[in-house]
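Right, one structure below, let's go through it.
Each value in this text was obtained by applying a stated rule to the coordinates, not by laboratory testing. The model shown is predicted, which means the values in this text are computed figures rather than measured ones. Glycine also receives a Cβ, built like all others from the backbone with ideal geometry; neighbour counts cover every protein chain displayed.
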Amino acid sequence: MVQAVDSKWQILQQAGYAYNFDRMVYFNKGTRKVFSVDFVQDHSEHDLQTSVNEASNGAEWRFYFNSPPPAAVQRELENVLR
């Protein structure tokens with residue numbers, strides 16, 4: 001289990017993601033993607049790598065959560081992660 005968590009963190013770290021302790025999310029301002037801790041924990045390394053590699057135009061934030069976050073939460077995260 002610990003090894004899987006380390007592997008997932010390495011996937012995110014190598015792709016330029018940082019962790020926001022207050023919001024418990026991994027984010028990348030360049031690709032404008034946000035991963036919840038739950039999403040990372042609940043999905044396989046392969047699924048995570050696929051999501052990290054998905055093309056992003058960088059115009060809008062993309063949220064990878066187990067359940068879509070409410071619009072208010074998305075706006076708050078967008079403001080915090082600027």
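Remarks
- Taken as entire DSSP H runs, the helices of the chain that both span 15 Å or more between Cα atoms along their own long axis and average -0.5 or more on the Kyte-Doolittle scale are 2-14.
- Against the rule of thumb 2.2 N^0.38 Å, how large the Cα Rg of the range 2-80 comes out: 1.02
- DSSP bridge analysis restricted to the range 2-80 gives an antiparallel fraction near 70%, rounded to the nearest 5.
- When the GluC sites (Glu not before Pro) in the range 1-68 are filtered for DSSP coil states and for at most 13 other beta-carbon atoms within 10 Å of their beta-carbon, the remaining sites are Glu54, Glu60.
- Potential extension, Asp6-Ser67 segment - 0.36 nm per residue separation minus Cα distance: 19.6 nm
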